[in-house]
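The values are calculated or read from the model by the stated rules, or taken from the named source; none is laboratory data. For clarity, every value in this text was computed on a predicted model and none was experimentally measured. Quick reminder, even Gly has a Cβ in these numbers, built from the backbone with ideal geometry, and neighbours come from all protein chains shown.
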């Protein structure tokens, strides 16, 4: 913890003197202008927890010692070097003290105010240094000298303001990218929940039908005099009914979560495909696979229910990523056939493919060609889930073709009028 607290001060006492050696002399006296002050200001703004007066003192001592050391190393006498450079300490101490008392950090998101405050700090600090030089070196402070100091302060302040604006822009871009990634991940999670929600609704409906059939069968058995069997069947119907109630509560909670308004419910096809491609590029990178993605969108711009289409495309494209062994390509095509009022999606890859003998059963629950490192099969519900979700929305899915390591292509066909909102543009 102590090392972390000391680190900003170490950066200050190393970088500022180094930046100070890039200088020029605008005056006919030993009054230099360098990049030390802009670097000092930027570091004080960046390290929000440093004590500014202490930073100014340590930086000033470091700058003075650096300049004296360089002078002595260059053959100059020590005493004149101390006299010449000691007034600089007043500059940095004044800068640190004023930075501490002026609320400059309150305007960290307003570059113009940063530039104005920087100008004020530099003029005041330069005034202290010039006064010290006037006392030590008998320097005559003229109006021309003061105007030059003001001019240099303005120029360096605009430099600081411009550089600080670039830092703010980079920071904004970084935060925007992180937020977009977070939103993408949440949308993908919700799209997976959406698929589960459809399956849960189907299970609830099945439970309701089973409960009803069990109840009527129980009544028939009772009428036939088989009271014991009727009673047992009625108990089973009651337990199924309880399961249905539990399912309804879960369904209501998931529906409430999915229908929250933080995210757009309807998203354009291009946005959805872009999101899925970004996610699966990361997935391919995680699996250490070199996969290129190609996207082709035809027809008029349309919008889909985001969770519905995300869940379908993400499952199919992730299957393609897994099917490619080391490197390959995946092509996603979206085609809006206006006359037929339908949208067709095609996902094609050059992975290991599907053997012809499995073509008729790939959408069956439990079928799988995936095995983990221990040789255990996956649950085989992926394609069957996708098929049931698409059919629930009056759509169809089929395997167009599969030639191992050449082309495996799935095609989805969905009615536009039922599940798509057209873009007014």
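From the residues in the range 62-114 that are within 30 Å of residue 166 (Cα to Cα), free of Cβ contacts under 8 Å to residues at least 40 places away in the same chain and surrounded by fewer than 19 Cβ atoms within 10 Å (Cβ to Cβ), which one is farthest from the chain's Cα centre (by Cα)?
Looking at the filtered set, the residue picked out is 101.
Taking the options 302, 295, name whichever one is in contact with a helix residue (DSSP H, G or I) (Cβ under 7 Å, 6 or more places away or on another chain) and at pLDDT 90 or above.
That would be 295, the only listed residue that is in contact with a helix residue (DSSP H, G or I) (Cβ under 7 Å, 6 or more places away or on another chain) and at pLDDT 90 or above.
Given (1) at pLDDT 80 or above; (2) closer than 24 Å to residue 405 by Cα, identify the lone condition not met by residue 342.
Result: residue 342 passes all but (2).
Do you know which residues across the range 306-331 are buried (at least 18 other Cβ atoms within 10 Å of the Cβ) and outside any helix (DSSP H, G or I)?
Scanning the range 306-331 gives 324, 328, 330.
Return a yes/no flag: does the range 342-350 have any residue that is in the same structural domain as residue 399 (by TED's automatic domain parsing), surrounded by 14 or more Cβ atoms within 10 Å (Cβ to Cβ) and part of a loop (DSSP other than H, G, I, E, B).
Checking the range 342-350: at least one residue is in the same structural domain as residue 399 (by TED's automatic domain parsing), surrounded by 14 or more Cβ atoms within 10 Å (Cβ to Cβ) and part of a loop (DSSP other than H, G, I, E, B).
Answer yes or no: is there a residue in the range 375-382 that is outside any loop (DSSP other than H, G, I, E, B) and either under 30 Å from the mean Cα position of the chain (by Cα) or at pLDDT 85 or above (or both).
Yes, the range 375-382 has at least one match.
Exactly one condition in (1) over 24 Å from the mean Cα position of the chain (by Cα); (2) modelled with pLDDT under 75; (3) surrounded by fewer than 16 Cβ atoms within 10 Å (Cβ to Cβ) is false for residue 206; which is it?
Evaluating residue 206 over (1) over 24 Å from the mean Cα position of the chain (by Cα); (2) modelled with pLDDT under 75; (3) surrounded by fewer than 16 Cβ atoms within 10 Å (Cβ to Cβ) leaves (2) as the failure.
Determine which member of the set 172, 168, 145 is assigned to a helix (DSSP H, G or I), at pLDDT 75 or above and either surrounded by 10 or more Cβ atoms within 10 Å (Cβ to Cβ) or outside the structural domain of residue 46 (by TED's automatic domain parsing) (or both).
Residue meeting the stated conditions: 172.
Name the residues in the range 260-276 that are under 17 Å from the mean Cα position of the chain (by Cα) and either in a loop (DSSP other than H, G, I, E, B) or modelled with pLDDT of 90 or more (or both), would you?
Filtering the range 260-276 down to residues under 17 Å from the mean Cα position of the chain (by Cα) leaves 262-263, 271-272, 274-276.
The answer is 262, 263.
In this structure, does residue 87 turn out to be closer than 19 Å to residue 39 by Cβ, touching a helix residue (DSSP H, G or I) at 6+ places or on another chain (Cβ under 6 Å) and assigned by TED's automatic domain parsing to the domain that holds residue 42?
no
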